[in-house]
């Protein structure tokens, strides 16, 4: 069976402010989708809403995974069902070692019915796997002993997110600007790693401003978000066009969405 | 209503019985109780005299004034001494095998267990005894090593500090004495387990004397027979370290949650001596502890690792003092506390530096993690510095668990509870990283993990 993540007519508000205004998107396992759009258009909101962030209220529409209602699931149930997001700004958890965090996370995701306190993946087995994956990502093993994202540089945080992607092997992964804030070499490494781990092995939703990431992970579909809606969908040539020429054509073509986008940006600035 | 009748009778019977118990058989903290307690022990005259004076002082003293700075945050109006009885002999010894938490996998050199201030176990390895180590009840030591005990007992604990201290001194029973002679290195940890039954009293005084060049590790834990148990602890700890001695002292307080805990826990650290003191407090209904370390010889060092975790309506107040009385000394106090439900913790720290204590290096920090809206943490760092060439730093933080952290962990498959537990344990990790004894790290980690609640 091919896994399907299906988003239909999704409306999302933060407080009483509508952000997403009817998003439709179907991702099949193995497909790569690029999600592009100007700042403030609602790209990260879509990711956080799929994960179930408590600050994002679904006012209309549905999300399903293989026919199961995702909106009925707790955040942790979504993760265990195989949905992953690499955060744009991951949180630090001082005092908790990356290795311990990942061992718990990997066990939870691989054994979705696991109750707290039940056995984790055996230490030897886990260590070996972690070591292999880290060396594959050209990460120093010392990294596993550091506290989760605590004192990490921007680049280290992004690489830690990619390591988690590699360990958790989700069915669907949302990568929220996993290439931003990195220098050219780091972007290339991240792009290659993602291609290696995820391309065609998962359903990928890549939120990005760079073309490097998409060069290594050529999308079957490119979606453009503006004012909380997907206003256009095309192939990888659409992504190339936007990289070269920006959003001018899109903004002019969809004046209503552009107006909504400007409104959201203005409110964000006020907040 | 006939159905209610048997219950009524039963309850009457029970009430009568308990009144009879308290009025006729159990001694109070009064003159009769004092006479009964002192009549039952044979001890040197100097100690009898000390008790007598303390009892008279206790009678002349009032309970602490709520307006005083020392007690302004700690309300003791619910405490009634008359609800407790002076230590009495146990009728039956409860099962205590599973109570101690710090002994798992540890090869002990000796152990003393008390239940309600009564010594129930007292062992020391032959090897250590042969080296001149003394590890026994304080009352035995007062007879067998009278001068040694006399020299050190109450050399840093102040019986006149308040009425609790005076009562402790007058009614002291079941205390422990450790003496490590000059240059003797005790490798195996020594264990002290103080246990309270439900409604029991513990007035034990712990006196530890580490002679010049000697070393020891002492694991001391305070437990009740069950986590809800009531009780009273009027306690005292004195750690006396001579020059170039090294002591690791761990105390884990997990009294039942209806227990009152009043104590002075003090150390004197001599020249070139080091003290690592780990102090964890998770039990009791109300605790008021004065902890102090006096650095009295050049280059003395102490590290204090404090862990507090409160829940329900617990109130834990720890007043700590690091007192630099000699030059070139270092003190490093780190207290981390988490509060949940409607509980409250008070931490009041002081670095005190005498005029002659130049080149002091003093550090003091208290971090709080407040886990619920109704919980509260008071953190009052302080400095009192009379020397001009010192480096003293202090700080305190109070924060809540960040919902974004929880969300992040949940996105990795952690349940909310599992995420909270992980974040709380992570918060304490900095302390665990400083503790060099594995069994202590494990026991503290377990104790903290047990206590973390489900949060919505």
Meets criteria (modelled with pLDDT of 95 or more and farther than 30 Å from residue B:243 by Cβ) for residue B:171: yes
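Before we move on, is residue A:3 more than 10 Å from every other protein chain (Cβ to nearest Cβ), surrounded by fewer than 23 Cβ atoms within 10 Å (Cβ to Cβ) and under 26 Å from residue A:249 (Cα atoms)? Don't jump to the end; show me each part of the working.
Details: more than 10 Å from every other protein chain (Cβ to nearest Cβ): yes; surrounded by fewer than 23 Cβ atoms within 10 Å (Cβ to Cβ): yes; under 26 Å from residue A:249 (Cα atoms): no.
When the stated conditions are applied, residue A:3 does not pass them.
Of all residues in the range B:37-51, which are outside any loop (DSSP other than H, G, I, E, B), closer than 19 Å to residue B:27 by Cα and touching a residue at least 12 places away in the same chain (Cβ under 8 Å)?
Taking the range B:37-51 first, the residues outside any loop (DSSP other than H, G, I, E, B) are B:37-39, B:45-51.
So of that shortlist, the ones also closer than 19 Å to residue B:27 by Cα come out as B:37-39, B:48, B:51.
Matches in the range B:37-51: B:37, B:38, B:51.
Scan the range A:252-261 residue by residue and report those that are out of contact with any helix residue (DSSP H, G or I) (no Cβ under 6 Å at 6 or more places or on another chain), assigned to a helix (DSSP H, G or I) and under 16 Å from residue A:43 (Cβ atoms).
Going residue by residue through the range A:252-261, those that are out of contact with any helix residue (DSSP H, G or I) (no Cβ under 6 Å at 6 or more places or on another chain) are A:252-257, A:259-261.
Then drop every residue that is not assigned to a helix (DSSP H, G or I), which leaves A:252-253, A:255-257, A:259-261.
Across the range A:252-261, the qualifying residues are A:257, A:260, A:261.
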Residues being modelled with pLDDT of 95 or more, touching a strand residue (DSSP E or B) at 6+ places or on another chain (Cβ under 7 Å) and within 13 Å of chain B (Cβ to nearest Cβ) - total across the range A:71-91: 7
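For the range B:352-362, does any single residue satisfy the condition of being within 14 Å of chain A (Cβ to nearest Cβ), without any contact (Cβ under 8 Å) to a residue 60 or more places away in the chain and crowded, with 21+ Cβ neighbours inside 10 Å?
Narrowing the range B:352-362 to residues within 14 Å of chain A (Cβ to nearest Cβ): none.
Within the range B:352-362, not a single residue is within 14 Å of chain A (Cβ to nearest Cβ), without any contact (Cβ under 8 Å) to a residue 60 or more places away in the chain and crowded, with 21+ Cβ neighbours inside 10 Å.
What are the residues in the range A:115-147 that are under 21 Å from residue B:424 (Cα atoms) and either free of Cβ contacts under 8 Å to residues at least 24 places away in the same chain or more than 9 Å from chain B (Cβ to nearest Cβ) (or both), if any?
Start the filter on the range A:115-147 by keeping residues that are under 21 Å from residue B:424 (Cα atoms), which leaves A:115-120, A:144-147.
Selection gives A:115, A:116, A:117, A:118, A:119, A:120, A:144, A:145, A:146.
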Condition check for residue A:106: crowded, with 20+ Cβ neighbours inside 10 Å and either within 27 Å of residue A:208 (Cα to Cα) or modelled with pLDDT under 95 (or both): yes
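Matching residues to (1) surrounded by fewer than 24 Cβ atoms within 10 Å (Cβ to Cβ); (2) within 28 Å of residue B:199 (Cβ to Cβ); (3) free of Cβ contacts under 8 Å to residues at least 40 places away in the same chain:
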| position | (1), (2), (3) |
| --- | --- |
| B:261 | no, yes, yes |
| B:278 | no, no, no |
| B:301 | yes, no, yes |
| B:330 | yes, no, yes |
Exclusive hit being in a loop (DSSP other than H, G, I, E, B) and within 30 Å of residue B:225 (Cα to Cα), set B:328, B:272, B:341: B:341
Search result, residues across the range A:48-62 that are more than 10 Å from chain B (Cβ to nearest Cβ) and either over 19 Å from residue A:20 (Cβ atoms) or surrounded by fewer than 24 Cβ atoms within 10 Å (Cβ to Cβ) (or both): A:56, A:57, A:58, A:59, A:60, A:61, A:62
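Closer than 18 Å to residue A:88 by Cα, without any contact (Cβ under 8 Å) to a residue 40 or more places away in the chain and surrounded by 17 or more Cβ atoms within 10 Å (Cβ to Cβ), is that true of residue A:153? Reasoning before the result, please.
Values: closer than 18 Å to residue A:88 by Cα: yes; without any contact (Cβ under 8 Å) to a residue 40 or more places away in the chain: yes; surrounded by 17 or more Cβ atoms within 10 Å (Cβ to Cβ): no.
When the stated conditions are applied, residue A:153 does not pass them.
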Elements of type strands (runs of 3 or more DSSP E) contained in the range A:1-106, each with 2 or more residues being on the phi > 0 side of the Ramachandran plot: none
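Residues in the range A:120-139: is at least one part of a loop (DSSP other than H, G, I, E, B) and touching a strand residue (DSSP E or B) at 6+ places or on another chain (Cβ under 9 Å)?
no
The values are calculated or read from the model by the stated rules, or taken from the named source; none is laboratory data. As the structure is a prediction and not an experimental result, all values here were calculated from the model. Virtual Cβ from ideal backbone geometry, glycine too; neighbours counted across all protein chains shown.
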